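What follows is a short report on a single structure.
Throughout, read-outs are computed from the coordinates displayed, never taken from laboratory work. Just so you know, these numbers come straight off a predicted model, no measurement behind them. Here the Cβ is made from the backbone with ideal geometry for all residues, glycine too, and neighbour counts use every protein chain on show.
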Amino acid sequence: MSIWEFANPRQFMGWSGRALPWVAGLAGLCLSAGLIWGFFFTPDDFRQGSTVKIIYLHVPAAFSAINGYLIMFIGSLIWLIRRHHVSALAARAAAPIGATMTLIALITGAFWGQPMWGTWWVWDPRLTSFLILFLFYLGYIALWAAIDDPDTAADLTSVLAIVGSVFAILSRYAVLFWNQGLHQGTTVTVADGAQQDNIANVFFYPLILSMAGFSLLFISLVLLGTRTHIRARRLRVLFQKEMRT
Amino acid sequence: MIPDLGKYTFEVSMSYGIGLALLAGLVAVYVIRARQVKKQLIAAEARKDA
């Protein structure tokens, strides 16, 4: 069986319907365990005090915001090359989730930055590229909403998603490209299969759990959103048939 | 039970409050929309079959 058969709408509705409760359940479990562990059962940092607890929301949200755009990029590329409707609809479903994750990263970052840097906002490369990423998400959502014909909307939004992926890459690597600004480097780095010493284990384990929870939540909402868009398309066809008869 | 957040109570509480509210809102929007569309589709399929 070819992998592309999973992208057939009927096949997709079948396997995603079976997978969704498990993925969503696991997401809820990891997310609540990671956040409860991080908020209630981790010590304060010797320099940052209790603000270190913001890491369990800020880093997973930023991680999901960037990887969400990657999902949109892949979905858009598949649509443009192979014209699979499900891939375009998956990219569409990912956009509001990615936008919300970006917003959470920006807001929690501001609340973390104020006591640590002495400012809510600074035009630092990573912060600025994240703000532009958020605007790309909004532009992508607005473009889908502005065009009636679904195939034309998928074409145009796919081009926008591919162009915007530059900012997703910049958001990820901005601190390396431009060695300036207030934002620190990557918190969680895995090199040669081992965790580097950027973060102590007492903070690292709940953080990984929270990141897994955010990622699984992202996947379950993309599945749910894609299923909704497929149904909405079917509904549109049925309404058009009703109008003609 | 609530940990002592010291002088950063406002910043940490606001981060969690706004972050979790946004997450809950996002999930609610996706679930409500999914239920609405599913219900409408079932009704439309029933009309077609009738």
Anisotropy class of chain A from Cα gyration tensor, a/c 1.5 cut: prolate
Computed FRET value (nearest 0.05) for A:Glu5 with A:Trp37, which takes r as the C-beta separation and R₀ as 51 Å: 0.80
Fluctuation leader among A:Ile54, A:Ile147, A:Ile81 - chain A, Gaussian network, Cα springs under 10 angstrom: A:Ile81
Selection from A:Leu217, A:Gly109, A:Trp22 lying farthest towards where the dipole of chain A points positive, charges on Cβ: A:Trp22
Phi to ³J(HN,Hα) by Karplus 6.51 cos²θ - 1.76 cosθ + 1.60 over region A:41-55, Hz, x for Gly, Pro: 10, 10, x, 6, 7, 5, 9, 8, x, 6, 5, 4, 5, 5, 4
Burial ordering of A:Met72, A:Met13, fewest other beta-carbon atoms within 10 Å first: A:Met13, A:Met72
Highest-MSF residue in chain A out of A:Phe136, A:Phe218, A:Phe40 [GNM, Cα springs under 10 Å]: A:Phe40
Value at 222 nm in deg cm²/dmol, rounded to 500, when DSSP H runs of n ≥ 4 in chain A each add -39,500 (n - 2.57): -27500 deg cm²/dmol
Potential lengthening between A:Gln48 and A:Ile81 on full extension [0.36 nm per residue; Cα-Cα distance subtracted]: 7.1 nm
Nearest 10 degrees, 0 to 90: helix A:125-146 Cα axis against chain A principal axis: 20
Max mean-square fluctuation residue, GNM over chain A, Cα-Cα springs under 10 Å, options A:Gly225, A:Gly113, A:Gly38: A:Gly113
Shape call, chain B: gyration tensor on alpha carbons, a/c limit 1.5: prolate
